[in-house]
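Report on one structure; see the data block that follows.
The values are calculated or read from the model by the stated rules, or taken from the named source; none is laboratory data. This one's a predicted model, so the numbers in the text were calculated from it and none came from an experiment. As a convention, Cβ positions derive from the backbone with ideal geometry for all residues, glycine included, and neighbour counts pool all protein chains shown.
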Amino acid sequence: MTTSPVEVPRQAVAGDRRFGFVGRLVSTELALTVAEIVLVVAPTLALAAQSLRASGESFRVVAMLAALMVVGWVRAADLLRPMIAARDAKRAGRALTEAEIVATDRAIRRAPVEVAATRWLLWSATVVYLAVRLATRGFLAWPSAVGMACVGILHAGGAAAARGALWERRLDRARRLVLPNFDALRAFATGYRRRLCQGAWALLALTHATNAALIAVFTELSSAQSGTLLALTVPALVLPMSVWYRSLRLRTRPIERYFDVAVRRPPSRGPAREDPDAVAAFREAQGLPYRLAGYQVLACAFAVVAVVVVGRRVCGFDAATAGRLLGSSGLMLLAMGLYETLLLRDVLRPLLGQLGARHRLPVGEIRAPITLRAKLVFFLGSVTVFTSGLVLLFALSPSQPHSTLLASIAMAMALALGLVHLIVRDMVTPVVALEERADEMARGELARPVPPSGEADEIGRLSFAFEEMRRALRDKLRSTESLNIDLEREVRRRTEVLEQRNLELHDALEKLRRAQDDLVRSEKLASMGRLVAGIAHEINNPVNAVINTLGPLEEALQILVTSPSSEAAVRAAKDAGEMLRVVQRGAARSKAIVQALHNYSRGDEQRPRELGLARSVDDTLDLLRHHLRNVQVEKQIDPSLRITGFPGQIDQVFMNLITNAAQAVGERERGGTIRLAATARGEDVEITVSDDGPGIAPEVIPRIFDPFFTTKDVGAGSGLGLSIVHGIVDRHGGRIEVESRMGEGTTFRITLPAGAQKSPSAEDPST
Ligand code: ADP
């Protein structure tokens, strides 16, 4: 796969900062070197300073120490090589090969142990070599030499343990960046016991060294005496610390059992949410720091008592000194216990976090045995006891130079402040983490679990409750989302159904329209059928007149031809003129009727056009003349009135209304009057068709515009006339009203927009 040239430098820049760990290791290493000098060089030199000066070995010692540092660092650099290669690969944006991943993982696991072991071996070898050399050359008594060697080995071991722990911490951070897919719990499982031991040992050595320094302040023991005591401590510690180690192994069994199942042989389908092993491991892990620290304090107290009892025999110091020795050691053991608790809690916290994140732990079962209040009282109370105890010892101790006192007080203060700092950090960190997660949750980010803050004390249980709340919120949100999706799907389905129904309705409407057109057509044919009889009669009259005139006309013409100058001829010419006019009128009348019929039956245009109302009314009256025999028609139509519309449809309106009116008044013997009027009313044209017929019954009026409603006999009416009129008026953007009084007559009033109007539908219901 090729990477774009823009991406590579960007990744490399980001990588520069993210994957850097060497710098941090170097600074850690320098700090550790200083600590080593305090912890190893100072106590051993205190034991052998005079002999060393006398023997002139100082230069050799410095050279050996320098060589020791260089060898240690070279070895460290060698161990780090695979990690540096992996870091460079990451910086270049290149994925690691399988071999590189294995080598890096191996380096991360082995480097802390090997670096610490190398340093310990080198220091021990140096100290033992020095002790033996000074003893064999007679500058140091053999017991002191053995003491020096023992102290050197113990303290170098403590320094090495601290080095191992710090390296591990640094590399652990680096591991997360270089090997992000690495299983954190697996990494923890491989090294947590070693880390517990490292912590315990480092603290033991530190306490031993500090106690040695304090003893020098509180007592007046000679360097040989204190050397003997320090030397005695080492063998005195062997048995109790072995018991301690044994209890560590016993106590971590539930944790090991959990790791055996969950980590070393992971189940194929991810960890089970409810796991009794996880509950047992959690319970044990949260009590372990207190137990191990307690056991260690007990073991050391046992060793201290033994050393003081035996030391008194060997060195012969007084009871007060013994008391001060016991007091100082007791206080240092108290401080050690506190530090150790806090340190081991730090070591085990990731395990508690992982267990809480992977499993659903019943809060009732994992409740921490010590409450937060008890913890705070114990921690802060112990710090108070420690400082006041030291003050008391200072007060009781033989007078010392000011500088020694100041240095000792500074050291005691540093120890107490360190404790306070660790206690506060221990309490505040989980609260801050909770606050951050609460912020995230408030912003709606619910994907990341809330890690348990550690022990299931009040704060721990708060984080468990938070996690429960997060899960509940997330589930609720998910179910709402899925509900929304379901709803959307349902809405889509319904819309589709509605669209389908709409189409069907559209089809049905189309069919109805076609059926309506068919009906209209048949109604028109029927009305034309009714018209035809009248029209035939109407044409018959002029045609008869023409035919009847033709015989006399022919005779008149013959007279004119045969005797043009006779008197008869003059009369014949006069008659012929009149007869020709009769023929002319008859032909004109026939033509008008044919024209009206033609107009009525023609198809409509596609677009509306301007039309004169007067002509439309005249055409209709021409066609209906036969039906209007007994009827008097009064017209008041302004010949200039024009509207825009479809002429055929407007003709149909007049035809249907005048036919109805004619039928209404025609029912009476004496006939009646039909009034047709059209006037302009502002923007509109108002057309009225009134008759003085019998009127329409009020209960019938609401139904007269319904299709197929008729009160007429079969054959006389189809019931479609007014419904068609209504449709046409509607389509032309007008309205129709009816007024009727029984016995007085009926008036239909149509209002149509004059001139230009909304384009009415091109459909012609009359065709
Ligand atoms: P048809 O004339 O075929 O019956 P119409 O829809 O034209 O159908 O009329 C419906 C009914 O309205 C008629 O049957 C009649 O009862 C009534 N009607 C319509 N015009 C008049 C009128 N001018 N006078 C009395 N009744 C009328």
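Here are the numbers for this structure:
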| item | result |
| --- | --- |
| Among the candidates ALA131, ALA67, ALA107, ALA77, residue that is within 30 Å of VAL314 (Cβ to Cβ) and not hydroxyl-bearing (Ser, Thr, Tyr) | ALA131 |
| Those residues of segment 555-573 which are part of a helix (DSSP H, G or I) and surrounded by fewer than 12 Cβ atoms within 10 Å (Cβ to Cβ), in sequence order | GLN558, VAL561, THR562, GLU567 |
| Residue match in segment 703-725 (condition: more than 9 Å from the ligand (Cβ to nearest atom), among the β-branched types (Val, Ile, Thr), at pLDDT 90 or above and more than 17 Å from ARG741 (Cβ to Cβ)) | no |
| Subset of segment 675-692 (residues that are within 9 Å of the ligand (Cβ to nearest atom) and either farther than 14 Å from VAL738 by Cα or hydroxyl-bearing (Ser, Thr, Tyr) (or both)) | SER690 |
| Counted residues, segment 663-672 - those being within 12 Å of the ligand (Cβ to nearest atom) and either in contact with a strand residue (DSSP E or B) (Cβ under 8 Å, 6 or more places away or on another chain) or of a type in the set (A, V, I, L, M, F, W, C) (or both) | 4 |
| Members of segment 427-443 that are of a type outside the set (Val, Ile, Thr) and within 18 Å of ARG461 (Cβ to Cβ) | MET427, PRO430, ALA433, LEU434, GLU435, ARG437, ALA438, MET441 |
| Among the candidates ASN599, ASN630, residue that is in contact (Cβ under 8 Å) with a residue 40 or more places away in the chain and touching a Gly at 6+ places or on another chain (Cβ under 7 Å) | ASN630 |
| Selection count where residues are free of Cβ contacts under 8 Å to residues at least 40 places away in the same chain and within 8 Å of the ligand (Cβ to nearest atom), scope segment 693-702 | 1 |
| Any hit, segment 304-319, residues being without any contact (Cβ under 8 Å) to a residue 12 or more places away in the chain and either at positive phi or touching a Phe, Trp or Tyr at 6+ places or on another chain (Cβ under 8 Å) (or both) | yes |
| Residue in segment 66-101 that is surrounded by the fewest Cβ atoms within 10 Å (Cβ to Cβ), counting only those that are among the small types (Gly, Ala, Ser) and within 34 Å of the chain's Cα centre (by Cα) | ALA95 |
| Residue match in segment 381-389 (condition: closer than 30 Å to THR321 by Cβ and touching a residue at least 60 places away in the same chain (Cβ under 8 Å)) | yes |
| Checklist (1) at pLDDT 90 or above; (2) in a loop (DSSP other than H, G, I, E, B); (3) not small (Gly, Ala, Ser) applied to ARG273, failing item | (1) |
| Condition broken by ALA508, with the remaining ones in (1) under 30 Å from ALA433 (Cβ atoms); (2) in a helix (DSSP H, G or I) satisfied | (1) |
| Filtered residues of segment 643-659 (kept if surrounded by fewer than 22 Cβ atoms within 10 Å (Cβ to Cβ) and over 18 Å from ARG731 (Cβ atoms)) | THR659 |
| Residue among GLY199, GLY152, GLY164, GLY147 that alone is surrounded by 22 or more Cβ atoms within 10 Å (Cβ to Cβ) and at pLDDT below 80 | GLY147 |
| Verdict on VAL653 being modelled with pLDDT of 90 or more and either more than 16 Å from the ligand (Cβ to nearest atom) or assigned to a helix (DSSP H, G or I) (or both) | yes |
| Flag if ILE658 is closer than 25 Å to SER718 by Cβ, more than 16 Å from the ligand (Cβ to nearest atom) and either not in a loop (DSSP other than H, G, I, E, B) or not acidic (Asp, Glu) (or both) | no |
